[in-house]
Amino acid sequence: MTVEPAISRHIVRVGEISIGGPELTVMAGPCAVESEEILYATARHVAAAGARVLRGGAFKPRTSPRDFQGLGLPALKMLRRVADELGLAVVTEALDTRDVDSVAEYSEIIQIGSRNMHNSALLKEAGRTGRPVLLKRGISATLKEWLAASEYVLEAGNPNVILCERGIRTFETATRNTLDLGVVSLLKETSGLPVLVDPSHGTGRRSLVEPMSRAAVAAGADGLIIEVHPEPEKALCDGAQSLTPEGFAHLMEQVARIRSALPAA
Ligand code: PEP
Ligand code: MN
């Protein structure tokens, strides 16, 4: 019998939150920061349901330049104020090397979006800040390419990379993307980095977010990042995949049950 060498797991610490340890870490909030009122209403609900990190885009990567591009710096300030009031940490995307310092100033975790996974200049810049980096998988990136991207951050002297599976583009069009949960279990076998799953972008459909969250946790994910909006039908972006606060609270109960049924890692 061959005994596989144990991989050493890296836990990313954000204040009192340990990502990649025994606790499941859930990050939640709107796709984009639309106003302080909507952000606060969302954050209050997700915090009450057990989320530890507030998500929300200040700089939005949109397919069309005519779509809502995000509120920029004022949104970063709103995220900070709301999160501080509720005792949450902040994760938000840096879209451009020129935004990295302000994103690092106002948030605990810098998100590198799917469209920028191959942007080595941005990865190096985010790595240089020393802030944890949530690295989303590129829409057509292989596991090898994704891990190579993570090395730009690691080699900048920053060990705090969190990988995020958010679905890849395949021939299937019934869902927005194809959520690759096989890779989540494979990463848990082969890499020491924490792995999160984004079932919101991974499916594009509200009704699939909870079942895919349960599946992600069962597959070994260290956490989830979920889009939530108090009135999804009015959201400026990604309303179709955003949960209501009630839907999110239900999801949290369900994933806690799955997690507690799993053997200790
Ligand atoms: C997001 O999480 O706001 C986002 C734009 O996701 P992705 O980069 O995975 O498309
Ligand atoms: Mn979105």
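The values are calculated or read from the model by the stated rules, or taken from the named source; none is laboratory data. All values derive from a computational prediction rather than experimental measurement. For neighbour counting, all protein chains shown are included, and Cβ atoms are generated from backbone atoms with ideal geometry for every residue, glycine included. For accessibility, only protein heavy atoms count, side chains too; no ligands or nucleic acids. Shrake-Rupley method; radii C 1.70, N 1.55, O 1.52, S 1.80 Å.
Ordered from highest to lowest accessible area with the whole protein assembly present and a 1.4 Å probe, HIS45, HIS229 read as HIS45, HIS229. Charges were assigned to the Cβ only: +1 to each Lys and Arg, -1 to each Asp and Glu. The resulting dipole of the stretch 12-261 about its Cα centre is roughly 320 debye.
Taking a sphere under 14 Å around the Cβ of GLY15 and counting the other residues whose Cβ falls inside, with K and R at +1 and D and E at -1, yields a net charge of 0.
These residues, THR175, THR42, go from largest to smallest accessible area, 1.4 Å probe, as THR175, THR42. What chymotrypsin sites (Phe, Trp or Tyr not before Pro) does the stretch 125-217 have in DSSP loop regions with at most 15 other beta carbons within 10 Å? Passing both the DSSP loop test and the Cβ count: PHE171. Once the GluC sites (Glu not before Pro) in DSSP loops with at most 15 neighbouring Cβ atoms within 10 Å are cut out of the chain, the longest remaining piece is 24-154. So, in Å, what gap is there between the alpha-carbon centers of the stretch 52-70 and the stretch 195-252? Each part reduced to its Cα centre gives a spacing of 16 Å.
Calculated on the Cα set of the stretch 164-265, radius of gyration then Dmax: 13.6, 42 Å. With semi-axes defined as the square roots of five times the eigenvalues of the C-alpha gyration tensor, the equivalent ellipsoid of the chain measures 25, 22, 18 Å, largest first. Think of the stretch 12-261 as a dipole: +1 on every Lys or Arg Cβ, -1 on every Asp or Glu Cβ, centred on the Cα centre; then among VAL12, VAL90, SER213, SER213 lies furthest on the positive end. Just checking the listed ones, SER107, SER150, SER140: in the Gaussian network model of the chain with Cα springs under 10 Å, the one fluctuating most is SER140.
If you run the Gaussian network model on the chain, springs between alpha carbon atoms under 10 Å, then out of LEU186, LEU39, LEU79 the most flexible one is LEU186.
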